[in-house]
1. Cβ-Cβ distance below 8 Å, separation of 6 or more or different chains: which pairs start in the stretch 12-24 with a residue that is over 17 Å from D62 (Cβ atoms) and end on one that is among the polar types (S, T, N, Q) and surrounded by 10 or more Cβ atoms within 10 Å (Cβ to Cβ)?
2. Here is a check on your reading of the model: is A78 open to solvent by less than 60 Å² (accessible area, probe 1.4 Å) and at pLDDT below 70?
3. Within the stretch 23-45, which residues are out of contact with any helix residue (DSSP H, G or I) (no Cβ under 6 Å at 6 or more places or on another chain), open to solvent by 60 Å² or more (accessible area, probe 1.4 Å) and not hydrophobic (A, V, I, L, M, F, W, C)?
4. Would you confirm, using the coordinates I've provided, whether V14 is assigned to a helix (DSSP H, G or I), surrounded by 13 or more Cβ atoms within 10 Å (Cβ to Cβ) and not hydroxyl-bearing (S, T, Y)?
Amino acid sequence: MDKIVTKALKFAVVAHGDQKRKYTGLPYVTHTIDVAQLVHDNGGTTNQVAAALLHDVVEDTDFTCIMICCKPCLRAVAWWAFHFIRIICAAAA
């Protein structure tokens, strides 16, 4: 696993903490791992895979895009995470 993906995964695990999926009771981070796997399987770049891991951090935790950008190891994926969230929101509308 690439270093940036590993760091994004660790950050997502910490950020989501004890959150659980509504209907399954699984840890919430399993959803972001599934999304990251889909991005990877469909040819996504390392930064896009890392962004997929972070896509719900801003939406479902107290962390902000600014907080992600302040992490030097994640700064490169903050742009991707922001745009990933915009795409998901547009598709849901």
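1. Here the result reads R21/T30, each pair linking the stretch 12-24 to a residue that is among the polar types (S, T, N, Q) and surrounded by 10 or more Cβ atoms within 10 Å (Cβ to Cβ).
2. Numbers: open to solvent by less than 60 Å² (accessible area, probe 1.4 Å): yes; at pLDDT below 70: yes.
Yes, satisfied.
3. Y23, T24, D34, Q37, D41, N42, G43, T45
4. Values: assigned to a helix (DSSP H, G or I): yes; surrounded by 13 or more Cβ atoms within 10 Å (Cβ to Cβ): no; not hydroxyl-bearing (S, T, Y): yes.
Criteria not met by V14.
The values are calculated or read from the model by the stated rules, or taken from the named source; none is laboratory data. Keep in mind the model is a prediction, meaning the values are calculated, not measured. Here the Cβ is made from the backbone with ideal geometry for all residues, glycine too, and neighbour counts use every protein chain on show. Heavy atoms of the whole protein, side chains included, go into the accessibility calculation; ligands, DNA and RNA do not. Shrake-Rupley method; radii C 1.70, N 1.55, O 1.52, S 1.80 Å.
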